[in-house]
Every structure is written in structure tokens, then in C-alpha cells.
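As C-alpha cells, the structure follows; a few thoughts come after it.
The values are calculated or read from the model by the stated rules, or taken from the named source; none is laboratory data. From a predicted model like this one, the values you see are computed outputs, not experimental measurements. Positions of Cβ are backbone-derived with ideal geometry, glycine not excepted, and every protein chain shown enters the neighbour counts.
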Amino acid sequence: MALISLKCPNCAGDIDLDDSREFGFCMYCGSKVMITRDVNHINIEMSVKDQRASLKPLAAAYCQKGEFSKAEEMTKKLILINAADADIWRIDGVCELMKSDYPFSNPPEAAERSLENSCVLSGMNYGKDFVERIAIEFLKEPASHGDV
């Protein structure tokens with residue numbers, strides 16, 4: 001048995017009800033209070049969490065394999081779910097960078113924005129040298145092109 005804390009819709013009094021019951025009464029005004037369980041809300045929250053947990057490593061894998069369009073598609077979804085994740089912004093920035101031509105004398109604005117967001121969220125300093133370093137590190141890593 002667990003207690004559910006809620007407010008009376010009639011008098012705004014604090015009510016603690018047993019979660020095994022479908023209704024209770026407000027001890028302040030006597031109003032009957034129905035307990036409804038929002039199953040859809042719980043499923044949505046779990047779905048978002050599951051989506052983030054599975055898409056993030058998949059986006060990184062696609063990026064490593066050079067499939068930047070697929071990786072970027074996933075990072076855009078992930079940013080909508082959690083825009084405060086520095087790793088997702090970094091993957092997105094690398095995808096934007098790699099879709100452009102090297103050398104990056106003038107990196108794409110979208111890449112700079114994503115990499116800057118990554119730096120801000122992770123507490124790193126951002127600058128043109130950072131963009132260049134990210135690109136060089138990525139190009140040094142062996143990447144096999146193909147399906148994940």
C-alpha cells in the first residue's frame with residue numbers, strides 16, 4: 001500500500017489516499033475524490049527514456065561509420081528529447097562538419113552552433129581551433145563505411 005498525495009478539487013486541501021482505492025473523501029470539505037491512473041502518461045515517459053537510451057549509441061555508431069545523414073536524423077530527434085546532452089550536440093556537430101568539404105576554412109554555421117552547444121554544456125572553451133581539432137580527431141579514427 002502506498003499513499004497518493006493530491007489536492008481536493010473543491011477546497012484545495014491536501015489529501016493522502018491509499019493507492020489501492022479508486023476514490024476517497026476530503027477530510028476538510030467531504031468531497032468525493034476519484035483516483036484516475038494516467039497509463040498513457042507513464043507509457044510516454046518510458047518511451048522517451050527508452051528512445052534516448054537506444055538512439056544515442058546508434059547515432060554515434062552511424063557517425064563513426066560515416067553515415068552522417070542517418071546519424072544526424074537521430075541527433076535531431078535526441079535534441080528534441082534532451083537538448084542538455086553535450087554528447088548529442090557533439091555528434092550532431094561532427095555530422096554537420098563531415099558533410100562539408102575539408103579543409104574547414106569556413107565551417108558550416110550549423111556545425112559551429114552544435115559544437116559550441118556541446119562545449120557550453122560540458123564546460124569546455126569553444127573556438128575555431130576546437131572545430132579544427134574535432135575534425136582532425138575524427139578523420140584520424142578509422143571509419144568503415146557501411147550499414148550499422
Note down all Cβ pairs under 7 Å where the first residue falls in the stretch 106-129 and is over 14 Å from Cys95 (Cβ atoms), the second is part of a helix (DSSP H, G or I) and of a type in the set (Gly, Ala, Ser), and they're at least six residues apart or on different chains. Leu121/Ala86; Ser122/Ala86
Step by step: first the residues of the stretch 51-69, then only those that are within 17 Å of the chain's Cα centre (by Cα) and among the basic types (Lys, Arg), then the one that is surrounded by the fewest Cβ atoms within 10 Å (Cβ to Cβ). Which residue is that? Arg52
Is at least one residue of the stretch 36-54 modelled with pLDDT of 80 or more, of a type in the set (Lys, Arg), in contact with a helix residue (DSSP H, G or I) (Cβ under 8 Å, 6 or more places away or on another chain) and assigned by TED's automatic domain parsing to the domain that holds Asp129? no
Close pairs from the stretch 85-100: first basic (Lys, Arg), partner part of a loop (DSSP other than H, G, I, E, B), Cβ under 9 Å, at least 6 apart: Lys99/Pro108
